[in-house]
Amino acid sequence: EKDWYIDAVSIDNIKIEPKLYQLNESTFGYGLNIVYSGQSKPNPYSGTELSLYALEGSDLKQILKDYPIKSFNGETDTTCRGTFEEHSKKLEILKTYTNQYADLQFTDCIKLSELNEDCDELLKETRQEIKILKFGNGEYRNTM
């Protein structure tokens, strides 16, 4: 309960990913996605966070905690007009290693848009950003 504290945002779904992530010769990561959403019309929000777990002996240890992989938020006039920001991250397991675990690269596709009074979407900007997470002290951390 204390790990998934929510206030104005609700948990919509918790899903175990069917894909395994090979982090080194003998360690596989198991993914857990938690999907959130907010109910605010003037400030819409939704997001998905990824946590990774690895089997160490007979224990499942969390090695990446609540890393945001999708998000959508904005500000609206509650009818149509508004500005929005959307992030969608793709995970790639790199062939470089830190502390015997593969580095993780997240490529974030960012989309900034507006809706006009006729509810037509106007694309303002799209771009990509890359973040590398490296393993240290038992977990993955952002290096930038």
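The values are calculated or read from the model by the stated rules, or taken from the named source; none is laboratory data. What you see is a predicted model, and the numbers here were worked out from it, not measured in a lab. Here the Cβ is made from the backbone with ideal geometry for all residues, glycine too, and neighbour counts use every protein chain on show. Side chains included, ligands, DNA and RNA excluded: accessible areas come from the protein's heavy atoms. Shrake-Rupley method; radii C 1.70, N 1.55, O 1.52, S 1.80 Å.
Please list, in chain and number order, the residues 5+ apart from Tyr97 or on another chain whose amide H is under 5 Å from its amide H, with Hs placed from the backbone.
Correct list: Asp103.
Hey, got a sec? Which GluC sites (Glu not before Pro) in the range 1-90 land in a DSSP loop and have at most 11 other Cβ atoms within 10 Å?
Glu1, Glu25
Can you pull out the cysteines in the chain that have no other Cys Cβ under 4.7 Å?
Cys109
Can you list the HN-Hα couplings for the range 71-87, worked out from phi with the Karplus curve (6.51, -1.76, 1.60; θ = phi - 60°), rounded to whole Hz and with x for Gly and Pro?
7, 9, 8, x, 10, 10, 8, 6, 10, 9, 4, x, 10, 9, 10, 10, 10
I need the shape label for the range 1-114. Rule: rounded when a/c is under 1.5, else prolate if a/b > b/c, else oblate, with a, b, c from the alpha carbon gyration tensor.
Since a/c reaches 1.5 but b/c is at least a/b, the shape of the range 1-114 is classed as oblate.
Assuming R0 = 35 Å, can you tell me the calculated FRET efficiency for the pair Leu112 and Ile14, based on Cβ-Cβ distance, to the nearest 0.05?
Calculated transfer efficiency: 0.75.
Find, among the GluC sites (Glu not before Pro) in the range 103-144, those assigned to loop by DSSP (not H, G, I, E, B) with at most 11 other beta-carbon atoms within 10 angstrom.
Glu117
Taking 22 Å as R0, compute the FRET efficiency from the Cβ-Cβ separation of Leu32 and Ile93 and round it to 0.05.
After rounding to 0.05, the efficiency reads 0.85.
At 1.4 Å probe size, with the rest of the protein present, what percent of the exposed accessible area of the range 32-144 is carbon and sulfur atoms?
C and S atoms contribute 48 percent here.
For the range 34-85, what does the equivalent ellipsoid look like in terms of its semi-axes, each the square root of 5 times an eigenvalue of the Cα gyration tensor, given largest first in whole Å?
Each semi-axis is the square root of five times an eigenvalue, giving 35, 9, 5 Å.
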